[in-house]
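The values are calculated or read from the model by the stated rules, or taken from the named source; none is laboratory data. Model, not experiment: these values are computed from the prediction. Using ideal geometry, Cβ is built from the backbone for each residue, glycine included, and neighbour counts are taken over all protein chains shown. Keep in mind that these areas ignore ligands, DNA and RNA; they rest on the heavy atoms of the full protein, side chains included. Shrake-Rupley method; radii C 1.70, N 1.55, O 1.52, S 1.80 Å.
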Amino acid sequence: MFDNPSLLIASGETPTGQINWKSPSNIAIIKYWGKYGVQYPRNPSISFTLENAFTQTVLDYEPKTDQGEGISLDFAFHGEENEAFRVKMVKFLESIRPIFPFLNQLHLKVRSGNSFPHSAGIASSASSMSALALCLCTLEDELFQTLQEDELFDKKASYVARLGSGSACRSIYGGMAAWGETEAIIGASNDFAVPFMDEMHDIYKNFHDDILIASQSEKSVSSRAGHGLMEGNAYAAPRYQQANDRMKTLVEVLKNGDVETFGAIAENEALTLHALMMTSEPSYVLMRPNSLKMIELIRDFRQETKHPIYFSLDAGPNLHLLYPETVIHEVRPFIEEQLVPLCEEEMWISDWVGEGPEQLEEVGE
Ligand code: PMV
C-alpha cells in the first residue's frame, strides 16, 4: 500500500540529522487477539491511548560509508547497547525497505527508553513500535517532503507501526483509536488505525487507567505465540463474531456515555482474552493469584459503593483500573489501601487517556 521505490537519496547528497519522538502505550477495550497475513487482525479492536506509559526514541542518521545492501544500525536501550533488540530491529527495518528504500543508504543510530520501569512487566511493543514508525515517517518527510499532510503522515505512521506490532497502530492517535474493519466506524481499516476522539462522550476524555503491577516477571508465552495459538482454538470463530458484535454496542456506549455498559464490556473482554489463552492448545495462564485477588476486590468495591470502577487486562498479569475522573477521590484511597499491597514491590503507575504522540526537540549525543 505504501511501497515507493522512488524514495531514494540522490547521489552527492549527504543528509544528516536527528529525530526524536515520544509515543504512548494503549489499553484495548475491545481486544485484538488472533491475526493473519502480515499483521492483519482477525477482529476489530479499539483502545484508549495512554499518557504516562510511553517510549521515547531518538533516531540519528547520516550517510552510510559502506554502501553494502544491508541495514546499518547501532541500537541502545536505556543508554546501553542491546544486541538482542538490535537484531530484532534490523529484521524489522529490512522487512519495510520497500516502503522506505532509503534505509539502505543511511547509517542509523537509535536510542530508545521507556517511561515505565523495564522490569514492570508492561508490554512496550505498542509504544516502541509506534515511536519508531513516527521517526521513520519524519525521516522520509525530512528527506523527500512527501508526508506534509498530517492525515497522510498519521495514516502511514499507523500502517508502519502495525507491521511492527499490531496494537502499535492505535497509539498514533490521542484519545481513542480503532483498528480493523467494522461497520460501526466509517473508514475503519485492517491496514491502519483511525482516530475516535471527536465522537467520544466527554466522560471518557479524561478516563483513568491506573496500572497495578501484579507481577514483574516476563511473560511465559509471547503475544506473537499467543496470536498463533488462536489458529487452533475451538472458540476462535465465535470469539471473532463476538468482537464484531460488541464493537457496534461499544461504539454506541462511547458516544452516549453509558459507563456501566462500557465497564461490563471492558471486563468481559479482558476475561475473554485470558479465557482464550487458557483454552489454547497448549493452554497457558498469564494471570497470577494477585491478579484474581484484585479483580475480586474491585468488584466488591464497586458493588458496595456503586462507583463506576472497572478492570481490564493486557496479555499479562497486571490489572488496568478504569474509572472516570469524577470518582478519583473515592477510588484513590481504595487503590492505596487495598490494591497497592497486592502489587509486586507495591509498584503501580497512575495513568489516564492521553493526547497521543509528541515530537520532541533534538537532544545531544
Ligand atoms: O500488538 P501485539 O501483537 O503485541 O498484541 C497485543 C494484543 C493485546 O494487547 C492483548 C490486545 C490489544 O488489542 O492491544
Assigned charges on the beta-carbon of Lys, Arg, Asp, Glu; region 202-349 dipole about Cα centre (debye) = 440
Extension gain, LEU360 back to ASP202 (0.36 nm per residue minus Cα-Cα distance, nm) = 54.1 nm
Only Cα pairs under 8 Å and at least 6 apart count here; give the relative contact order of region 17-199 as a rounded whole percent.
-> 27
Cα pair distances of region 17-199 binned at 10 Å [whole percent] | 10, 38, 36, 14, 2, 0
Using mean Cβ contacts within 10 Å as the protection proxy, how do 326-336, 132-142 order, highest first?
-> 132-142, 326-336
Mind running the shape call on region 202-349? Use the C-alpha gyration tensor, a ≥ b ≥ c as the square roots of the eigenvalues: rounded below 1.5 for a/c, prolate if a/b tops b/c, oblate otherwise.
-> oblate
Linear extension gain, TYR40 paired with ALA234, 0.36 nm per residue minus alpha-carbon span | 67.8 nm
Say the dipole of region 17-199 comes from +1 at the beta carbon of Lys and Arg and -1 at that of Asp and Glu; which of PRO41, ALA188, ALA157 then lies farthest toward its positive end?
-> PRO41
Here the relative contact order (percent) of the chain, from C-alpha pairs under 8 Å and at least 6 apart, is 23
Order the peptides 21-33, 102-114 from the highest to the lowest mean number of other Cβ atoms within 10 Å of their residues.
-> 21-33, 102-114
If you take the beta carbon distance between GLU94 and ASN52 as r and set R0 to 30 Å, what does 1/(1 + (r/R0)^6) give as a FRET efficiency, to the nearest 0.05?
-> 0.35
SER217 paired with ARG332, simple spin-label distance in nm, labels 7 Å along Cα-to-beta-carbon | 3.4
Calculate the dipole size of region 17-199 relative to its Cα centre from +1 charges on Lys and Arg beta carbons and -1 charges on Asp and Glu beta carbons; express the result in debye to the nearest 20.
-> 640
For ARG224 and GLU345 in the same chain, what is the full-extension length gain: residue separation times 0.36 nm, less their Cα-Cα distance, in nm?
-> 40.7 nm
List GLU51, GLU69, GLU365, ordered by accessible area with a 1.4 Å probe, largest first = GLU365, GLU69, GLU51
Just order 179-187, 292-300 by mean Cβ neighbour count inside 10 Å, highest at the front, would you?
-> 179-187, 292-300
Lys, Arg +1 and Asp, Glu -1 on Cβ, resulting dipole of the chain about Cα centre, debye, nearest 20 = 1160
Could you order ARG170, ARG288 by accessible surface area, starting with the largest, using a probe radius of 1.4 Å?
-> ARG288, ARG170
Working from the pairwise distances between different alpha carbons, so that the mean of 1/r is found and then inverted, what is the chain's Kirkwood radius in Å?
-> 21.1
For region 224-234, 3J(HN,Hα) per residue [Karplus equation, 6.51 cos²θ - 1.76 cosθ + 1.60, θ = phi - 60°, Hz, x = Gly/Pro] | 4, 5, x, 4, x, 5, 5, 4, x, 7, 4
Suppose R0 equals 41 Å; then what is the FRET efficiency for ARG86 and GLU260 from their Cβ-Cβ distance, rounded to the nearest 0.05?
-> 0.30
For GLU252 paired with GLN303, estimate the spin-label separation in nm (one decimal), with each label point 7 Å from Cα along the Cα-to-Cβ line.
-> 2.8
Debye-sum result for region 248-296 in log10 I(q)/I(0), which assumes one identical scatterer on each alpha carbon, at q = 0.15, 0.22, 0.26, 0.30 Å⁻¹ | -0.53, -0.82, -0.92, -1.05
Counting only protein heavy atoms and using a 1.4 Å probe, what share of the accessible area of the chain belongs to carbon plus sulfur, as a whole percent?
-> 49
Among the DSSP beta bridges whose two residues both lie in the chain, what percent are antiparallel, rounded to the nearest 5?
-> 90
At 7 Å along the Cα-to-beta-carbon direction for both VAL285 and THR14, put a label point, then send me their distance in nm to one decimal.
-> 6.2
Accessible area per residue in Å² at 1.4 Å probe, computed on region 100-190 | 31
Using the alpha-carbon atoms, what tilt in degrees (0 to 90, nearest 10) does helix 289-305 show relative to the longest principal axis of the chain?
-> 60
